[in-house]
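Here's the structure, in structure tokens; my notes come after.
The values are calculated or read from the model by the stated rules, or taken from the named source; none is laboratory data. Here the structure is a predicted model, which means the values were calculated and not measured. So basically every Cβ, Gly included, is an ideal-geometry build from the backbone, and we count neighbours across all protein chains shown. Accessible surface areas use protein heavy atoms only, side chains included; no ligands, DNA or RNA. Shrake-Rupley method; radii C 1.70, N 1.55, O 1.52, S 1.80 Å.
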Amino acid sequence: MTQGAAITPLIPETPAEAASHWFALRRRKPDCIEEQQFAEWLEADPANRRAYDEVTRSWEISALAATDPTVVTMRTEALMVRPPKQRDFSRLWGALATAALMLIVFTGISLSYPGLIGSARDIAARRDQITLRTGIGERATATLDDGSTVVLNTNSTLEINYTRLRRDVRLLAGQVLFKVAHDAARPFVVAAANHEVVAVGTEFEVRLEGQNVRVALLQGRVRVAPITAGRRGPAAEEVAVMTPGEQLVASPAGMLVNRTDVGELVSWQSGRVRFDNIRLAEAVAEMNRYSRTRIVIDDPAAADIRITGAFRTGQSYSFAQTIGEAFPIEVEQNGDVIRLHSRS
């Protein structure tokens, strides 16, 4: 049982590790979306550009030993370790990392950022199941063997396990947009907390918050039901069949379906979140998902202010400044904490 995924890099937390991943990805021909994402990452922070330059220089230095016969032989063997039919994204990173490691052993050259090698080994070790992860503020897109795609939002973890009869995935944390390739013989089943979403060919988003699951349907139809254990299946009244434009919220207390603007719910794909007349406390909680810089509201009066607008994810201080300019709110930053409180 094998699954493959062509994936944009799941960027690690530090510029050094991120640079190693980007370098590995760009050793093949990236598509236009990946090039755009790379350019955005490169321009986001001067430290990113410095880190990428360091990785490039290290690789160029190690390449000076590439003609050594012993190194060539060992690198060739390393590239042939995985079965030819295995087409997952670990193949590229694993091969590059192993080849680089051979060069280091025989030339005494040490890469500035060994995260490339460690990350590649970790990914290559997972053969029967694909696990995709993003960190805080990261997004990533993977294309699976059947042509389905998954887009992971900030701080998300997704397990993928295909069989001949089903396409099973489990959302362990965060938020994922699914674009499911049609296959009537093999349903696509997303498990999250105590519920599962069943689709054949459709587009929908699933968000997990503790034991609460939110499903937003953009296209097609999905069936949502509690996961049953020890009995044949859920009762008819426990099953919800959704149509496009609907949002379902499932909790231990039951399921609630309502119409909503699902386009706004998935605006995070473009790096933005939209708020429509919601409490500042709720908006702050959402912004905090995308950044290690925490926004803290110090008093109830400020928390109850209602806001409407679109904001860039990960831009915590810019968001706080905008709130401070629009409302009688003081903004104070101390390290990685931004505090908001009503002006006296």
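Structural remarks
- What segment 281-332 shows is 49 Å² of accessible area per residue, with the surface traced by a 1.4 Å probe over protein heavy atoms.
- Under 5 Å between amide hydrogens, built in the peptide plane, is the criterion, and for Glu196 it picks out Ala225, Ile227 among residues at least 5 positions away or on other chains.
- Pairs of Cα atoms farther than 18 Å apart, segment 233-330, %: 56 percent
- A simple spin-label model places pseudo-atoms 7 Å from Cα toward Cβ; at Arg292 and Arg306 they are separated by 3.7 nm.
- Per-residue HN-Hα couplings for segment 239-251 [Karplus 6.51, -1.76, 1.60; θ = phi - 60°; Hz; x = Gly/Pro]: 9, 10, 9, 9, 10, x, x, 9, 10, 10, 10, 10, 9
- Around the amide H of Tyr290, modelled in the peptide plane, lie the amide H atoms of Gly314, all under 5 Å away and 5 or more residues distant in sequence or on another chain.
- Take each peptide in 206-216, 267-277, count the other Cβ atoms within 10 Å of every residue, and average; sorted highest first, the result is 206-216, 267-277.
- Segment 172-308, Rg to Rh (Cα coordinates; Rh as Kirkwood inverse mean 1/r): 1.02
- Subtracting the Cα-Cα distance of Thr260 and Ala173 from 0.36 nm times their residue separation leaves 29.0 nm of extension gain.
- Estimated at the nearest 10 Å², the accessible area of Leu218 is 40 Å² with a 1.4 Å probe.
- Ser342-Asp183 pseudo-label distance in nm [points 7 Å out on the Cα-to-Cβ vector]: 5.7 nm
- 3J(HN,Hα) from dihedral phi, segment 294-311, Karplus parametrisation 6.51/-1.76/1.60, rounded to Hz, x for glycine, proline: 8, 9, 10, 9, 8, 9, x, 4, 5, 4, 8, 4, 9, 10, 9, x, 10, 9
- Global geometry of segment 289-335, whether rounded, prolate or oblate, following the gyration tensor of its Cα atoms and the 1.5 cut on a/c: oblate
- Karplus 3J(HN,Hα) series, Hz, for segment 181-186 with 6.51 cos²θ - 1.76 cosθ + 1.60 (x for Gly, Pro): 6, 5, 7, 4, 7, 9
- Legend: P(r) of segment 144-209 from all alpha carbon pair distances, 10 Å bins from 0, whole percents, reading 22, 61, 17, 0.
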